[in-house]
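For reference, the structure discussed in these notes is given below.
The values are calculated or read from the model by the stated rules, or taken from the named source; none is laboratory data. Not measured: the values here are computed from a predicted model. Neighbour counts run over all protein chains shown; Cβ positions are idealised from the backbone, glycine included.
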């Protein structure tokens, strides 16, 4: 056997994925053996799958090798039935289909069309004119019609990122989410039409793709920020959190407004970009959950009885959890003290990395988890520890155990911990609407996109990148260092203060850090309660002092 690869046959992605690229074309006895390309998914990440077929005279049979799962093994019946529907002579022919990489388990029905084309390419005297820049993603029924499959849109998105320029897909689904300038999506009805297209015949489009839905109207929100009266300090903190991607914890007695503030938070988040809409929609498809195609960020509010697996993700057949469904949006954990400590500690790594990796014996998958955590809790099981309105019936040990459900490392990853109190005094008139605040947070995020090339926000950017681009003066750095030394803060706190000050300056539209933003961050840190502290401020919405 000798290698027969011409420079024109080598796809552009081989330099980046050499391990996924076997021999494109080999010869044995003068017979060409060509490969068909598809994409397999592991979690939200995709990899190239090369499909080859070989036939020989023997009892009619189909064997699929390359670690196929049970669903993929059933593809042999669909493929052979579809080939019989094409009136191909398969008498006394044994077909062996190889999926490469062979040591990587493949699953799903998305390789059906690619396997059928590989067999047809071997049976026909003239090979199919399909180039290495083409990816095939479609399931087929018993009569050869192309069908969508679970994970179709995520597979198309990964094929884009892997460098394919043309993708053969089944007609029917709405592909308007994908940009038309970098890939060519060829919608086909059945195998016969696929072969005709590959042989150069044009495909007639009878329907136009649906346009991308517009963002939700401003009046469609159930809770608007203008409906929240009082708590001016909490509103300011939430605006900073929305602009910079910071995490917040509210603590206070029942009825003080924690849940209402948290539910109004997602209304001030900026709209998603088209690429972010596509990523979020793909995550929901992988989780088999419905979500309308919208530019509004996702908002997830799991019950406190949710298991660790439902929150983080996983299972026998891994799929995304709540933190991945909240990607690019908000994860609201109400009644934080009712969650198990083990479940809450699992949030620590995703909060810093923006991804969650689920490792199992057979495979390890990765899902996005770039969310903003908004949490709320009562100070004790009865809810009235430190309250001036009602007497607390909990013992000291009950209060301490309840407050320590959120461990110290988790609390240290929270940018804001605020203690609220219901005073019964409302503001005169309504405050700023969600639309007005959202315009401010959108402007602030545009500055961060320019600063970090659209990859990060102030709340999750790498430490070195934050220090290099914060534009802090030596005097401001000295002020932060002195404050951290006096309050015995760790290094993460110093970085946190710079992140907060940078976001405040972005909201103000200034290039460098302002002294006011540094002062706010430093004073806030001095007053922020620590885990186990349940004191309540004298004014609703103010941060609690440990000495009070």
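Structure values in brief
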item: Pick from segment 76-96, criterion within 12 Å of residue 122 (Cα to Cα) and either touching a residue at least 40 places away in the same chain (Cβ under 8 Å) or outside the structural domain of residue 54 (by TED's automatic domain parsing) (or both), ranking: surrounded by the fewest Cβ atoms within 10 Å (Cβ to Cβ); result: 96
item: Residue check, residue 139 touching a residue at least 12 places away in the same chain (Cβ under 8 Å) and within 16 Å of residue 63 (Cα to Cα); result: no
item: Test: residue in segment 182-197 that is assigned to a loop (DSSP other than H, G, I, E, B), under 24 Å from residue 41 (Cβ atoms) and touching a helix residue (DSSP H, G or I) at 6+ places or on another chain (Cβ under 9 Å); result: yes
item: Members of segment 89-106 found to be in contact with a strand residue (DSSP E or B) (Cβ under 6 Å, 6 or more places away or on another chain) and within 24 Å of residue 37 (Cα to Cα), listed by number; result: 93, 94, 95, 96, 97, 98, 99, 100, 106
item: Cβ pairs under 8 Å, 6+ apart, first in segment 391-411 and more than 14 Å from residue 343 (Cα to Cα), second part of a helix (DSSP H, G or I); result: 392/399; 394/402; 402/337; 403/337
item: Residue within segment 501-521 that is under 23 Å from residue 251 (Cβ atoms), at pLDDT 50 or above and not in a helix (DSSP H, G or I) present; result: no
item: Test: residue 330 is assigned by TED's automatic domain parsing to the domain that holds residue 233, at pLDDT 90 or above and either surrounded by fewer than 23 Cβ atoms within 10 Å (Cβ to Cβ) or closer than 26 Å to residue 235 by Cβ (or both); result: yes
item: Residue in segment 290-312 that is closer than 17 Å to residue 178 by Cβ and under 14 Å from the mean Cα position of the chain (by Cα) present; result: no
item: Listing of strands (runs of 3 or more DSSP E) fully contained in segment 87-175 that carry 1 or more residues being more than 26 Å from the chain's Cα centre (by Cα) and on the phi < 0 side of the Ramachandran plot; result: 93-100, 134-136
item: Residue among 321, 314 that alone is at positive phi and touching a strand residue (DSSP E or B) at 6+ places or on another chain (Cβ under 7 Å); result: 314
item: Residue that is modelled with the lowest pLDDT [pool: residues in segment 198-238 that are under 30 Å from residue 432 (Cα atoms) and touching a helix residue (DSSP H, G or I) at 6+ places or on another chain (Cβ under 6 Å)]; result: 218
item: Selection count where residues are at pLDDT 90 or above and part of a loop (DSSP other than H, G, I, E, B), scope segment 461-489; result: 2
item: Residues within segment 439-467 that are out of contact with any helix residue (DSSP H, G or I) (no Cβ under 9 Å at 6 or more places or on another chain) and closer than 20 Å to residue 413 by Cβ, tallied; result: 2
item: Number of the condition not met by residue 458 [criteria: (1) surrounded by fewer than 20 Cβ atoms within 10 Å (Cβ to Cβ); (2) assigned to a loop (DSSP other than H, G, I, E, B); (3) on the phi < 0 side of the Ramachandran plot; (4) not assigned by TED's automatic domain parsing to the domain that holds residue 248]; result: (1)
item: Test: residue in segment 365-373 that is part of a strand (DSSP E or B), in contact (Cβ under 8 Å) with a residue 60 or more places away in the chain, more than 19 Å from residue 460 (Cβ to Cβ) and under 23 Å from the mean Cα position of the chain (by Cα); result: yes
item: Number of positions in segment 374-383 that are in contact (Cβ under 8 Å) with a residue 60 or more places away in the chain and either on the phi > 0 side of the Ramachandran plot or surrounded by fewer than 20 Cβ atoms within 10 Å (Cβ to Cβ) (or both); result: 1
item: Residue selected from segment 21-65 under the condition in contact with a helix residue (DSSP H, G or I) (Cβ under 9 Å, 6 or more places away or on another chain) and assigned to a loop (DSSP other than H, G, I, E, B), by the criterion modelled with the lowest pLDDT; result: 21
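So that you can scan it fast, the table gives a plain yes or no per residue for (1) under 18 Å from residue 49 (Cβ atoms); (2) surrounded by 15 or more Cβ atoms within 10 Å (Cβ to Cβ):
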| position | (1), (2) |
| --- | --- |
| 117 | yes, yes |
| 126 | no, no |
| 149 | yes, yes |
| 166 | yes, yes |
| 169 | yes, yes |
| 180 | no, no |
| 186 | no, yes |
| 192 | no, no |
| 196 | no, no |
